[in-house]
Every structure is written in structure tokens, then in C-alpha cells.
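Visitor: Here's a structure for you.
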Amino acid sequence: MLLPAGVRIDGRSGAVTPATGSYAKHLSELAGLYRDKAAHAAMVAGQDPLAYEVVDYRHQDSDLAFGTTIMAPGRVGDEFFMTRGHFHERRECGETYYTQSGEGILLLQSRDGLVRTVEMKPGICAFIPPDWAHRSINTGDEKLVFVWHCAPDAGHEYGEILEKGMRKLVVARDGRVEIVDNPNFVS
Ligand SMILES: [Fe+2]
């Protein structure tokens, strides 16, 4: 039998206590995500910075899981650090992203190609409907920390987004954040 628990979440650091697991992605593990291959290679050959970490609280016998994603600030060329982006394997499963600190953009894309964005900043809880791909992008100068909440067995389907990219890119242009068409998107 699962027992109730109070889980501490630090909105600045993203620490989850107690956590049941975590993983980290360095830039070298995110090959293919960025347009500027030379900039990516140079950063990987240098410090290979940590791009993001995911910390979770999940139990197999529960229908709820939550945790944090902690995204470093940074850019590869003109593209901000971003997560890989995924659909859920279980297509009926949605998710929420509740931003705790920092600022960013949640980029969403439906199976049939609709694109939407939701601002990520403290106080905004993004609703991610079932079967929308979602990618978070840190557009600020600080860590972007958000609490996510979904079914523990929702699963991650990365393939389509990794192969085709997303229809839009979030880039820095003249000191501003802009959402532009992805010239390399494969429809
Ligand atoms: Fe998700």
C-alpha cells in the first residue's frame, strides 16, 4: 500500500525531497536539436554544459507523478537551450507545467500541425492537452524551474520531433526573443 507523503519542492533550485529518480542531459546528448551544428560542436568540445535535469517523485502503483525540470540558461547559436520535445506514448495523457522561477516559452504542436505557445513564468501553470507535443525553452538569464505533473506511465515519444523538428523555433534576434518558422521543418 502506498502511503501519503509531503514532498518538498524548492522553486529556486528545483530540488525535490525526497525524490524517486532523476536524470540529466548535457549538450552532447542533444545532438540534432540545434540548427547551428558548428556552435553545438564547439560547446560540446568545450565544457559540454548541463542543459537540463529532471527530478521526479513517482510510484508505479499510483496514477499520479510529479517532479521538476531545471533548465540552464544558454544558447546554441541563436537558439535558446531547450528540451528535446515529446508527445506522450499514451496519447490520452495530458500534463501541467507550473513555472516556479525563471522565464521561458512552452512550445506546443498538435499531431495535425497546430502550433501554440504558453508563456513560462512564476504564477503560470500551463495546461498541456493530450496528444500535443511539448518543448520548454529557457529564454531568460537564470535557471528555468517548473513543476510537472502527469500520469507516471504517460511515456515519452521523442522520435517524430527528433526526426522532423518542430514547426517553430525560438531564437534571439537583436536582443529580443522571437518565434520564427523553422526552415528545416520536415512536413
Ligand atoms: Fe510530457
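The values are calculated or read from the model by the stated rules, or taken from the named source; none is laboratory data. All values reported here derive from a predicted model rather than from experimental measurement. Every residue, glycine among them, receives a Cβ derived from its backbone with ideal geometry; neighbour counts consider all protein chains shown. Accessible surface is based on the protein model in full, side chains and every heavy atom, while ligands, DNA and RNA are left aside. Shrake-Rupley method; radii C 1.70, N 1.55, O 1.52, S 1.80 Å.
Visitor: Relative contact order for segment 8-181: what percent, with Cα pairs under 8 Å and sequence separation of 6 or more?
Guide: Relative contact order of segment 8-181: 24 percent.
Visitor: Using a 10 angstrom Cβ neighbour count of at most 14 plus a DSSP loop assignment to flag exposed chymotrypsin sites (Phe, Trp or Tyr not before Pro), which longest range of the chain is free of such sites?
Guide: Working: sites that count: 158, 185.
The longest uninterrupted stretch comes out as 1-157.
Visitor: Say a site is exposed when it is one of the GluC sites (Glu not before Pro), sits in a DSSP loop, and has at most 14 other Cβ atoms within 10 Å; what is then the longest site-free stretch of the chain?
Guide: 1-88
Visitor: Assign unit charges at the C-beta atoms only (+1 for Lys and Arg, -1 for Asp and Glu), then state the dipole size of the chain relative to its Cα centre in Debye, rounded to the nearest 20. Please report the intermediate quantities before stating the final value.
Guide: Numbers: 20 positive and 26 negative charges, 54 e Å.
I would put it at about 260 debye.
Visitor: A further question on this structure: What distance in nm separates the simple spin-label points at residue 45 and residue 131, each placed 7 Å from Cα in the Cβ direction?
Guide: So the two model labels end up 4.5 nm from each other.
Visitor: Another question, if that's okay. Give me the extension gain from residue 184 to residue 172: residue separation times 0.36 nm, minus the current Cα-Cα distance, reported in nm with one decimal.
Guide: Details: separation 12, 0.36 × 12 = 4.32 nm, distance 1.75 nm.
Length gained between residue 184 and residue 172: 2.6 nm.
Visitor: Could you bin all the Cα-Cα distances of segment 108-177 into 10 Å bins starting at 0 and give me the percent of pairs in each, rounded to whole numbers?
Guide: Pair shares across the bins are 15, 46, 34, 4, 0.
Visitor: If you average over every viewing direction, what projected area does the convex hull of the Cα atoms of segment 32-121 give, in nm²? Let's see the in-between values first.
Guide: On the way: hull surface 30.2 nm².
Directional mean of the projected Cα hull area for segment 32-121 stands at 7.6 nm².
Visitor: Moving on. For a 22 Å ceiling on Cα separation, which of these pairs sit above it: 143/164; 121/164; 37/121; 121/143?
Guide: The pairs that break the limit, which is 22 Å between Cα atoms, are 143/164; 121/164; 37/121.
Visitor: Could you check how much of the accessible area of the chain is carbon and sulfur, as a whole percent, using a 1.4 Å probe?
Guide: Its accessible area is 50 percent carbon and sulfur atoms.
Visitor: Next question. Quick one: what are the phi-derived ³J(HN,Hα) couplings along segment 127-135, Karplus 6.51/-1.76/1.60 with θ = phi - 60°, whole Hz, x for glycine and proline?
Guide: 9, 9, x, x, 6, 10, 5, 9, 9
Visitor: Can you give me the accessible area per residue for segment 8-181, using a 1.4 Å probe, in Å²?
Guide: Computed with neighbouring chains in place, this is 49 Å² per residue.
Visitor: So if I restrict to the alpha-carbon atoms in segment 8-181, what is the Rg, and what is Dmax, the biggest pairwise distance, in Å?
Guide: 15.4, 50
Visitor: Calculate one ³J(HN,Hα) per residue across segment 42-53 by plugging θ = phi - 60° into the Karplus curve 6.51 cos²θ - 1.76 cosθ + 1.60, and present them in order as whole Hz with x for glycine and proline.
Guide: So the J values, rounded to whole Hz, are 5, 6, 5, 5, x, 8, 6, x, 5, 8, 7, 10.
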